[in-house]
Structures are given as C-alpha cells and as structure tokens.
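Notes for the one structure printed next.
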Amino acid sequence: MKIKTICCIGAGYVGGPTMAVIAQKCPHIKVTVVDVNASRIAAWNDNDLNNLPVFEPGLDSIIKEARGRNLIFSTNIDQAIDEADMIFISVNTPTKTYGKGKGMAADLKYIELCARQIAKVAKQDKIVVEKSTLPVRTASAIKNILDNTGNGVQFQILSNPEFLAEGTAVQDLLNPDRVLIGGDTTKEGQAAIQTLVEIYANWVPKERILTTNVWSSELSKLTANAFLAQRVSSINAMSEICEKTGADIDEVARAIGMDSRIGPKFLKASVGFGGSCFQKDILNLVYIAKTYGLNEVADYWEQVILMNDHQKNRFSDNIVSTLYNTVSGKKIAFLGWAFKKDTNDTRESPAIKVADNLLSEQASIAVYDPKVVEERIYADLDYLNTRSEEANRTLLHVSKDPYEACKDSHAIAVLTEWDEFKIYDWQKIYDNMHKPAFIFDGRGILDKKALQKIGFVCYTIGKGS
Ligand code: NAI
C-alpha cells in the first residue's frame, strides 16, 4: 500500500514538528494535523511564524516551506480521519490525577477517545500509528475498540514511539539515531510495518529503521526514558557527594565519560530533570511493574524520581540557608523558567518547584526567561495550589529584561541553561544587587572564577566551596 494521505491527531510538541518534517520530506503525501484545541490550530496557521505554539530552532522554516503545500493544520478531525490512509495518534498521555493508579498510571482517556472517533468515522481500511508514549500492551486495547465499535473495516495498529528531544526536535527528526516501528507478527502486520518504513526511508537510512513486535516497541520507549532519567539522577546523586568532599562533578563526569562503556553524554549535573516525559513515563513504568507484582523493579525505578525531587528541594534549601536562613521579603532573580534551553515548554520544569519552595518562605521572585510567557509561569504555579492566585501574583513578578529582573536582588538562581546567560554584563548586574551578591548556578553554565573575581558569592551544583 502506498500512503497518499496522513492524518495526525494532536498538534502538540510531538505532532506538530514530526508531521512538519514528514510533510517536508514527502511532498507527495498530504499531511493533515488536527486538534480539538482551536487556538492551537490557529497558532499553527498564524502568518507570523513567531507565533507558532511550539518554539523549536529551525521549525519555522520547515513550516514555511510545507504549510499550505502538503501540510495542513485543521480542527476538522472527522474529515481528516476519513481522508487518511494512515492515522498517527499523538495526543497527550499525562499521569492520571484520579481513581485507580492516581499519580502513577498513564491517563489513556484521550487515546481511547481518538480510537472511538477513528472507529466511528473510518469507512476504508486504515493503519493506525501510536506516536504517543503508551504503556506496554495499549495497542491491544486500541485494536479492541476499533474492531468492536468500527464499521467492519480492517485496522492495523503500529507502535512508532518518538525519541525527539525538545530544543533539538528538528535536528533529531531530520537525523534520528533510530526510528522504531513495532507491529503485528502476522502477514498484514508486517505489510503495515513496511508501509511506514517506506515513509521514513524518504530521508532516514534504512539501517537506522528498526522493526520489532509491537510490545517491544511500546516498552522500548519507556525504557529509553527511564535510562536517560536514571543517568541524570545518578550524576546528581554524585554531585551531592562532590559538594561534601571537595571533588568536582564536571571532573568526575569527564573521567567516567571517557570510559566507552559509559559514554560522555547526559552526565551534566543540574537542579534536576524536567519536561513532560521523564517523570510521567517512569511513574508509568513503576505502575506497570507493580501491576505485575514486581515490587523490587518498581522500587528501583521510583528511586530515580525521588532523587530528582531531592535535588530540586536541596537547591532551594541551600538558597535559604545561605541567605542566613531567611529569604522572607528578599528578592531572588530567576534566570530561566523553561525545563531546558531552546524550548518554551515548562512542563515539570525544576524552576516551578524551586519557586514554590521559596515562595513558601515568603521570598519575592523576579523571573526572566527568553521564551516563556508570563501567563504560562503563573499557570504553572497556580496549578500546584500551594497558595492563592493573588498571592502568586503578589510575590512573583515576570520581567522581560534580565537586568531588570536582577536589579536590587539579594540572589540570582540560574534554572535553565540558556546560552545568553553566559554573555551578560555580569559586572553591571553585580553593581545593581544587594551585597553580598549571591549566585546559585543550577545548571553549571556560568564562569565561576570570573564571577568570583567581580565579587559574587557563587554556588554551583556539584562543586564544593
Ligand atoms: P501536547 O500536550 O503538547 O499535545 C497533545 C495535543 O493533543 C494537545 O494539543 C491536545 O489538545 C490534543 N488532543 C488531546 N486529545 C485529543 C483528541 N481526542 N482529539 C484531538 N486532539 C486531541 O503533548 P506532546 O508533548 O506533543 O506529547 C504527545 C505524546 O507524545 C505524549 O504521549 C508524550 O508522552 C509523547 N512524547 C512527547 C515528547 C516531548 O518531548 N514532548 C517526546 C516523545 C514522546
């Protein structure tokens, strides 16, 4: 089967960029991305490419090239499903906030809604692709819904998890380490796998396209995120030992990273990992392990999250204790709110927890982030429900200018590793601060020696004083 039309349900951080790249690389395929969120679709269609709902370096030029040619953003979900030979499901799968599995299991209600809508609308055979990250064995639930509520048409379910990293999504999509496609072991399942292989083969070398059974594919995505997050928690655990012993975490990371079995990547100590996926996917893995009675396996992976929580809390505790055990009424400037550089995504960003802790100590916070808008920052804090919305707006202010944010502050906390922070006029910032002027570098990006020379008192994660 040659695919002529694709529909993607969910125009978020994954659906938008992945479909933009497929459309760019496959001009012969019409790709329609649909979403229930009309304002998000409107933003994808905005003539001003600065208003795209997802900021990713390089994404604007791909959208410019493909949008209107063979890339369409629409709210007409039924029509797009009806027309499509292949349907990607790329909706959110957050941690459940209610009922059984609350706080752990993946909430699959959006996935189920998609499956039911596909079943209702489809009148010809279709290939349905799980792009969302899903618990292992979800494909059988989707298949069950499609087969029992549909119009008698044939569905093949594929698992094609997305490994892009936010901030480098376009590069990751253009040049992936691997593409993973899982499907049924039947003849029809294998044919469906090949159909999707052919799409990726338009720009990805065939040897980097892996095919597996559907369960391996689903579980590989959770495993990949668990391993990545575990590396961060492992290096962060060592960072605390470094601070007590005088070892330097960057030196330790370099020394172990040169061991080819360990490798140098993902060994940067920090205030903790964030993002929509790591925590959610590990919790999901823990839940799956518990469901099968594998309590030791569950405990093992849960520790990765506990360590991450500890890292965020000890960062804010350290700010309070260093500022003479009180931050009440003191201004603390936050440089960065996004969970990492080069994205406007703030989901699970460590900045949120650190801010929440400091606000509970009655600190006054001024935030500057080059890409995150004010409403997002307040929404992140309000969501925690720790204090009233008024109190959040009284205690925390958002600034459009980093020098303004730092002016008259007692301390600066670096929460995101934006490159621009490295080239600020730090002397000017120092001159306008209360003394002693403290810097807490939660990302280890600033030149500590240069800052100390200016007069700053510096704390860097993983480096003793
Ligand atoms: P997102 O929240 O940015 O986007 C999901 C979109 O789906 C939203 O715009 C929502 O309105 C829409 N949606 C939900 N239900 C719908 C329905 N029934 N019909 C139409 N639209 C619907 O989420 P994001 O970040 O794109 O993640 C999507 C999936 O991809 C998740 O399972 C996530 O775990 C996975 N993933 C995310 C990565 C990331 O870096 N954000 C990387 C790899 C996988």
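Can you report the number of residues in the range 116-138 which are part of a helix (DSSP H, G or I) and within 23 Å of the chain's Cα centre (by Cα)?
Summing the residues that are part of a helix (DSSP H, G or I) and within 23 Å of the chain's Cα centre (by Cα) in the range 116-138 gives 1.
Only one of Lys312, Lys353 is touching a Pro at 6+ places or on another chain (Cβ under 6 Å) and not in a loop (DSSP other than H, G, I, E, B). Can you tell me which?
Among Lys312, Lys353, only Lys312 is touching a Pro at 6+ places or on another chain (Cβ under 6 Å) and not in a loop (DSSP other than H, G, I, E, B).
For Gly275, indicate whether it is within 16 Å of the ligand (Cβ to nearest atom), at positive phi and either assigned to a helix (DSSP H, G or I) or out of contact with any helix residue (DSSP H, G or I) (no Cβ under 9 Å at 6 or more places or on another chain) (or both).
yes
Sort through Gly16, Gly12, Gly58 and tell me the only one that's at pLDDT 95 or above and surrounded by fewer than 19 Cβ atoms within 10 Å (Cβ to Cβ). Walk me through how you get there before you give the answer.
Values: Gly16 fails: surrounded by fewer than 19 Cβ atoms within 10 Å (Cβ to Cβ); Gly12 fails: surrounded by fewer than 19 Cβ atoms within 10 Å (Cβ to Cβ).
The unique qualifying residue is Gly58.
Of all residues in the range 102-115, which are within 12 Å of the ligand (Cβ to nearest atom), touching a Pro at 6+ places or on another chain (Cβ under 8 Å) and not in a strand (DSSP E or B)?
Asp107, Leu108, listed by residue number.
Suppose we filter Ile9, Ile29 for residues that are away from the ligand (no atom under 11 Å from the Cβ) and either among the β-branched types (Val, Ile, Thr) or at positive phi (or both); which single one remains?
Numbers: Ile9 fails: away from the ligand (no atom under 11 Å from the Cβ).
Just a single option satisfies the conditions, and that option is Ile29.
Here's the yes/no breakdown for (1) within 23 Å of Thr5 (Cα to Cα); (2) more than 13 Å from the ligand (Cβ to nearest atom); (3) in contact with a Ser or Thr (Cβ under 6 Å, 6 or more places away or on another chain):
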site	(1), (2), (3)
Gln117	yes, no, no
Lys120	yes, no, no
Glu130	yes, no, yes
Thr138	no, no, no
Asp147	yes, yes, no
Asp172	no, no, no
Thr186	no, yes, no
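Check the range 318-326 and report whether any residue there is in a loop (DSSP other than H, G, I, E, B) and touching a residue at least 12 places away in the same chain (Cβ under 8 Å).
Pass one, the range 318-326, residues in a loop (DSSP other than H, G, I, E, B): 323-326.
Of the ones still in play, those that are also touching a residue at least 12 places away in the same chain (Cβ under 8 Å) are 323, 326.
Yes: the range 318-326 contains one or more residues that are in a loop (DSSP other than H, G, I, E, B) and touching a residue at least 12 places away in the same chain (Cβ under 8 Å).
Which members of the range 232-288 meet the condition of being within 26 Å of Ala106 (Cα to Cα) and surrounded by fewer than 18 Cβ atoms within 10 Å (Cβ to Cβ)?
Ser234, Phe266
Scan the range 81-101 and tell me whether some residue there is away from the ligand (no atom under 16 Å from the Cβ), in contact (Cβ under 8 Å) with a residue 60 or more places away in the chain, touching a Lys or Arg at 6+ places or on another chain (Cβ under 9 Å) and not in a loop (DSSP other than H, G, I, E, B).
Looking for residues that are away from the ligand (no atom under 16 Å from the Cβ), in contact (Cβ under 8 Å) with a residue 60 or more places away in the chain, touching a Lys or Arg at 6+ places or on another chain (Cβ under 9 Å) and not in a loop (DSSP other than H, G, I, E, B), one finds at least one in the range 81-101, hence yes.
What tally of residues in the range 32-43 results from selecting those that are in contact with a Gly (Cβ under 9 Å, 6 or more places away or on another chain) and either assigned to a helix (DSSP H, G or I) or more than 10 Å from the ligand (Cβ to nearest atom) (or both)?
Counting residues in the range 32-43 that are in contact with a Gly (Cβ under 9 Å, 6 or more places away or on another chain) and either assigned to a helix (DSSP H, G or I) or more than 10 Å from the ligand (Cβ to nearest atom) (or both) gives 1.
Identify the single condition in (1) of a type outside the set (D, E, K, R); (2) in a loop (DSSP other than H, G, I, E, B); (3) within 16 Å of the ligand (Cβ to nearest atom) that Ser270 does not satisfy, given that it satisfies every other one.
Among (1) of a type outside the set (D, E, K, R); (2) in a loop (DSSP other than H, G, I, E, B); (3) within 16 Å of the ligand (Cβ to nearest atom), the lone unmet condition for Ser270 is (3).
Return the residues of the range 379-395 that are loosely packed, with under 13 Cβ neighbours inside 10 Å and under 15 Å from Ala351 (Cβ atoms); say none if nothing qualifies.
Tyr383 - this is the single residue of the range 379-395 that is loosely packed, with under 13 Cβ neighbours inside 10 Å and under 15 Å from Ala351 (Cβ atoms).
Could you please let me know if Lys265 is more than 16 Å from the ligand (Cβ to nearest atom), among the basic types (Lys, Arg) and within 23 Å of Phe339 (Cβ to Cβ)?
Judged against the criteria, Lys265 is a match.
Quick one: Ala119 ticks every box in (1) touching a Gly at 6+ places or on another chain (Cβ under 9 Å); (2) surrounded by fewer than 19 Cβ atoms within 10 Å (Cβ to Cβ); (3) small (Gly, Ala, Ser) except a single one, so which number is it?
Looking at each condition in turn, Ala119 falls short on (2).
Would you confirm whether any residue within the range 73-85 is within 26 Å of Asn344 (Cα to Cα), at pLDDT 95 or above and surrounded by 20 or more Cβ atoms within 10 Å (Cβ to Cβ)?
Within the range 73-85 (the criterion being within 26 Å of Asn344 (Cα to Cα), at pLDDT 95 or above and surrounded by 20 or more Cβ atoms within 10 Å (Cβ to Cβ)), the answer is yes, since at least one residue qualifies.
The values are calculated or read from the model by the stated rules, or taken from the named source; none is laboratory data. The shown structure was predicted, so the numbers you read here are calculated from the model rather than taken from an experiment. Heads up, the Cβs are rebuilt from the backbone with ideal geometry, glycines too, and the neighbour counts pull from every protein chain shown.
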